[in-house]
Amino acid sequence: MQTITLGKSSLKSSRLAYGCWRLASNKEDPDAGRRAVTAAYEAGYTLFDNADIYGGGEAEKMLGAALKEIPGMRERVTILTKCGVRHGGHPNPDSPNRWDFSAEHILRSCEQSLKRMGIETIDVYMLHRPDFLADPEEIAKAFEQLRAAGKVRFFGVSNFRPSLVTALQSACVMPLILHQVEISLAKLDTLTDGTLDQCLEKHITPMAWSPLAAGLIGDGAKRLLKAQQSYQPDKFLAELEAIATAHGVGRTVVAFSWLLKHSSKIIPIVGSINPDRIREATKATELELSREEWYRLLNAARGEPLP
């Protein structure tokens, strides 16, 4: 698979990332996650996206097990994980759902993630959701402590407002190299809210989570976030299908390719645990949509032509 450099770093990545959040989702077949990771690695994925909350930490454990079982895998892949989301009921029964970028939580979470994955260094450590009480100076000190200790190589953010990215970067000596946000034909906000423009300006590589709109662009969604329940894929599926037919590929391949064409070098995150779908997604890296095709899909997704 084609590779790119991640932001202002020395790290290289495949054009697609493999997302680990579903690894522990199949309770009837615990080995499904292991097979998915193996399929992704063998298909050329070199960026593996994880988080401390995925499966309550089980996704990190499963990725760590694969790193041990597959010879040479750790040396050939980039490991990304995230912290900052804290669910209600922990540590106290009345604790609310919250986002926590305190230095104490960042440092503790990093140690726990390293232990679960059985590795010494996280390649990219990211802040998961934008803590409204975030103190950029405090975060920067925690980042520097982790980097100096050799526990993290580079840092990034997820779901941030562009203004918070600016505030955090102003406090950090090291560059923020990734920004993970929801982007798909059903979720176009980043094209107009300044997120992708900022990525271009600051040389931050964007990653697209839910690039198939939780499955709405594929074979159907099994689980939708509340915000995704209002998506209207029917607006663009016919156009997507027509372009896919013209290229002799499935419509999910075209949906991934649509993201890949953006000049910010968006990395779509493939989250399926089906090995066939994991392999099929790689066809997107070989498909170059024309500008006309790209805008046909944009207009369809907007529900109206550009002025």
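Below, the figures for the structure above:
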{"read-out": "Pick from segment 88-121, criterion within 24 Å of THR78 (Cα to Cα) and part of a loop (DSSP other than H, G, I, E, B), ranking: least open to solvent (accessible area, probe 1.4 Å)", "value": "PHE101"}
{"read-out": "Condition broken by ALA221, with the remaining ones in (1) at pLDDT below 95; (2) open to solvent by 80 Å² or more (accessible area, probe 1.4 Å) satisfied", "value": "(2)"}
{"read-out": "Test for LEU23: is it under 23 Å from ASN159 (Cβ atoms), outside any helix (DSSP H, G or I), touching a helix residue (DSSP H, G or I) at 6+ places or on another chain (Cβ under 6 Å) and open to solvent by less than 10 Å² (accessible area, probe 1.4 Å)", "value": "yes"}
{"read-out": "Options THR78, THR46; residue that is open to solvent by less than 30 Å² (accessible area, probe 1.4 Å), modelled with pLDDT of 95 or more, touching a Lys or Arg at 6+ places or on another chain (Cβ under 9 Å) and not small (Gly, Ala, Ser)", "value": "THR78"}
{"read-out": "Residues of segment 112-139 satisfying the condition of being within 22 Å of the chain's Cα centre (by Cα) and hydrophobic (A, V, I, L, M, F, W, C)", "value": "LEU114, MET117, ILE119, ILE122, VAL124, MET126, LEU127, PHE132, ALA134, ILE139"}
{"read-out": "Extreme residue, nearest to MET73 (Cα to Cα), among residues of segment 122-151 that are charged (D, E, K, R) and assigned to a loop (DSSP other than H, G, I, E, B)", "value": "LYS151"}
{"read-out": "Contacts under 7 angstrom Cβ, first residue in segment 280-307 being closer than 19 Å to PRO268 by Cβ, partner of a type in the set (Lys, Arg) and crowded, with 19+ Cβ neighbours inside 10 Å, 6 or more apart", "value": "THR285/ARG15"}
{"read-out": "Top-ranked residue in segment 127-169 [being touching a residue at least 40 places away in the same chain (Cβ under 8 Å) and in contact with a Phe, Trp or Tyr (Cβ under 7 Å, 6 or more places away or on another chain); ranked as surrounded by the fewest Cβ atoms within 10 Å (Cβ to Cβ)]", "value": "ARG129"}
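The values are calculated or read from the model by the stated rules, or taken from the named source; none is laboratory data. The shown structure was predicted, so the numbers you read here are calculated from the model rather than taken from an experiment. Neighbour counts run over all protein chains shown; Cβ positions are idealised from the backbone, glycine included. All accessible areas refer to the heavy atoms of the entire protein, side chains included, with ligands and DNA or RNA removed. Shrake-Rupley method; radii C 1.70, N 1.55, O 1.52, S 1.80 Å.
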